[in-house]
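So the structure is just underneath, and the comments pick up after that.
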Amino acid sequence: MQITVTESLDSVAVAVAGEVDILTAPALEEALRTAVSASAGRPLRLDLSGVTFFGSQGLHVLVTVQQLAESAGVTVSIGATSSIVRRLLDVADLAWMLEDGGRAGDWTP
C-alpha cells in the first residue's frame, strides 16, 4: 500500500493505492490520524481511486477517522474511489462520504 499526503492552503489530500487489509489498515489509520492532526481545521480529502482491495478493516479505519475528525472540527470526504471501494461504501451505508459520486478522474487534490 502506498500513501501520499499533499497539503495545500485549503485542504489536506491523502491518496491511497494498493491493498487495504488487516496488515495495511493500521498504517492507513496512523497516516489519516496524522493528517487530521496536521490539517488545522482544513478539510481532509481522500483519493481512494488507486485502491485494489478494500477489506472490512478499511471501513473500520474510515469510520474511526471520521469520528476523530468530527470531534476535531475537520471534514472528511472521499473525492475519488475505485469501484471496489465504492461497492463497500454503498453496502456499509457510507456513500455519503463521497464528493460528487466519488468518480475517479473527476477530482484533483
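Residues of the stretch 59-75 that are open to solvent by 10 Å² or more (accessible area, probe 1.4 Å), of a type outside the set (V, I, T) and assigned to a helix (DSSP H, G or I): L59, H60, Q66, Q67, L68, E70, S71. Going through (1) touching a strand residue (DSSP E or B) at 6+ places or on another chain (Cβ under 7 Å); (2) without any contact (Cβ under 8 Å) to a residue 60 or more places away in the chain; (3) over 15 Å from L98 (Cβ atoms) one by one, E29 falls short only on (1).
The set of residues in the stretch 1-21 being without any contact (Cβ under 8 Å) to a residue 40 or more places away in the chain, closer than 12 Å to L44 by Cβ and not acidic (D, E) consists of V5, V12, V14. Name the residues in the stretch 82-109 that are modelled with pLDDT of 50 or more, open to solvent by 80 Å² or more (accessible area, probe 1.4 Å) and outside any helix (DSSP H, G or I), would you? Correct list: D93 only. Taking the stretch 15-41 as the range and being among the hydrophobic types (A, V, I, L, M, F, W, C), within 18 Å of G73 (Cβ to Cβ) and surrounded by 14 or more Cβ atoms within 10 Å (Cβ to Cβ) as the test, the residues that pass are L32, A35, V36. When the stretch 36-60 is examined, which residues are found to be over 17 Å from M97 (Cα atoms) and aliphatic (A, V, I, L, M)? Matches in the stretch 36-60: A38, A40.
The values are calculated or read from the model by the stated rules, or taken from the named source; none is laboratory data. Small disclaimer: the values here were computed from a predicted structure and weren't measured. Note that we place each Cβ from the backbone using ideal geometry, even for glycine, and neighbour counts take in every protein chain shown. Quick note on the areas: whole protein, heavy atoms, side chains included, nothing else; ligands and nucleic acids left out. Shrake-Rupley method; radii C 1.70, N 1.55, O 1.52, S 1.80 Å.
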